[in-house]
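K.L.:
Let me begin by handing over the structure; questions about it come next.
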């Protein structure tokens, strides 16, 4: 039922050392005719990048339309770009800023906590809005525990999509549910992917570059939240025996996309005009979350 030929779903990781297995990167790929998505488990983000560029470029060259989903927030709650003093479309200004600031080494070594502390300091009224880090990374601008929410930050606590999808806040950087750490490492990765010479002319980011429509680009990048969907009890073949939950979830999400009419998930007819502007210019959305109760 989907309009896409090849589906790529990525369970992300902000790990600071190479890692495979549980709590690492899992990539599921489903091509036309595949009953079961193929899985691979790169140990580092740097190792994944050229592999993914090559894979996506090959699919596009073969005339297959690709939907690629990534398990982290592609943007931040309303007000973040303004609080940082950034110009231009909020989502793209933040992508460019993080692409310049984040360092991600070949062995996953990275500076996400120092970048978060610097962003808190730039906003003022630190600590916050970013929070949670190892004790050795803590300081006056970034704390191990959640500070009281401060209106002086000028940002909202959650995005519209998170109210419905029950996803974690992108302000939390560390320990269980640390979407924020994954986003700090993931957004620069997607910035590079979006602007890679082999992909740039074919690639669009939903919903920022496509609007709330069913995208027609050869390659569409989108945000996913695999925990939204249960792993079907009648599909034990989604992942090898003993596969970690993350691997089976992205395989199940490929399966769901393959058999679903995605039109209402891309168009979000339940959003009001102001909400649609907020979603397409600043906050983005999680593919798989419907929009009927975003402001309830």
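Readers should treat all values here as calculations from the given coordinates under stated rules, not as data from a laboratory. Predicted, not measured: the structure shown is a model, and the values here were computed from it. All Cβ positions, even for glycine, are placed from backbone atoms using ideal geometry, and neighbour counts span all protein chains on display.
K.L.:
How would you classify region 185-296 from its alpha-carbon gyration tensor, with a ≥ b ≥ c the square roots of the eigenvalues: rounded for a/c under 1.5, else prolate if a/b is greater than b/c, otherwise oblate?
P.N.:
Judged from the Cα gyration tensor, region 185-296 comes out oblate (a/c at least 1.5, b/c at or above a/b).
K.L.:
Distance in nm between label sites at residue 36 and residue 166, each 7 Å beyond Cα in the beta-carbon direction?
P.N.:
It works out to 2.9 nm between the two label points.
K.L.:
Between residue 22 and residue 146, what FRET efficiency comes out of the Förster formula 1/(1 + (r/R0)^6) with R0 = 22 Å and r the beta carbon distance, rounded to 0.05?
P.N.:
0.30
K.L.:
If you restrict to DSSP beta bridges whose two residues both lie in the chain, what percentage is antiparallel, to the nearest 5?
P.N.:
That works out to approximately 40 percent antiparallel.
K.L.:
Also, I was wondering about something else. How high is the relative contact order of region 144-296, in percent, counting Cα pairs under 8 Å that sit 6 or more residues apart?
P.N.:
Computed value for region 144-296: 27 percent relative contact order.
K.L.:
Give me the distance between the Cα centres of region 160-228 and region 1-77, rounded to whole Å.
P.N.:
Taking the Cα centre of each part, region 160-228 and region 1-77 sit 12 Å apart.
K.L.:
Taking the Cα-to-Cβ direction at residue 51 and at residue 198 and moving 7 Å from each Cα, how far apart do the two end points lie in nm?
P.N.:
Going from the residue 51 label point to the residue 198 one covers 1.4 nm.
K.L.:
OK, next. Counting only C-alpha contacts under 8 Å and six or more residues apart, can you give the relative contact order of the chain as a whole percent?
P.N.:
Reported relative contact order: 25 percent.
K.L.:
May I ask for the Kirkwood hydrodynamic radius of region 107-177, worked out over all distinct Cα pairs and given in angstroms to one decimal?
P.N.:
Values: mean 1/r = 0.0786 Å⁻¹.
The Cα-based Kirkwood calculation yields 12.7 Å.
K.L.:
Identify which of 286, 25, 60 has the largest mean-square fluctuation in a Gaussian network model of the chain, with springs joining Cα atoms closer than 10 Å.
P.N.:
60
K.L.:
While we're looking at this one, here's another question. For the chain, what is the calculated [θ] at 222 nm in deg cm²/dmol (nearest 500), taking -39500 (n - 2.57) for each run of four or more DSSP H residues and dividing by its residue count? Please report the intermediate quantities before stating the final value.
P.N.:
Details: 9 runs with 93 residues, N = 296.
After summing the helix terms and dividing by residue count, I get -9500 deg cm²/dmol.
K.L.:
How far, in nm, would the chain grow between residue 96 and residue 118 when pulled straight, counting 0.36 nm per residue and subtracting the alpha carbon separation? Kindly include the intermediate steps, with their values, before the conclusion.
P.N.:
Details: separation 22, 0.36 × 22 = 7.92 nm, distance 1.57 nm.
Fully extending the segment from residue 96 to residue 118 adds 6.3 nm.
K.L.:
Arrange the following residues from fewest to most other Cβ atoms within 10 Å of their Cβ: 280, 267. Don't skip to the answer; put the middle values down first.
P.N.:
Values: 280 21, 267 16.
Final ranking by Cβ density, sparse to dense: 267, 280.
K.L.:
Follow-up. How long is the gain from residue 237 to residue 61 if the chain were fully straight, where each residue apart is worth 0.36 nm and the alpha carbon distance is subtracted?
P.N.:
60.4 nm
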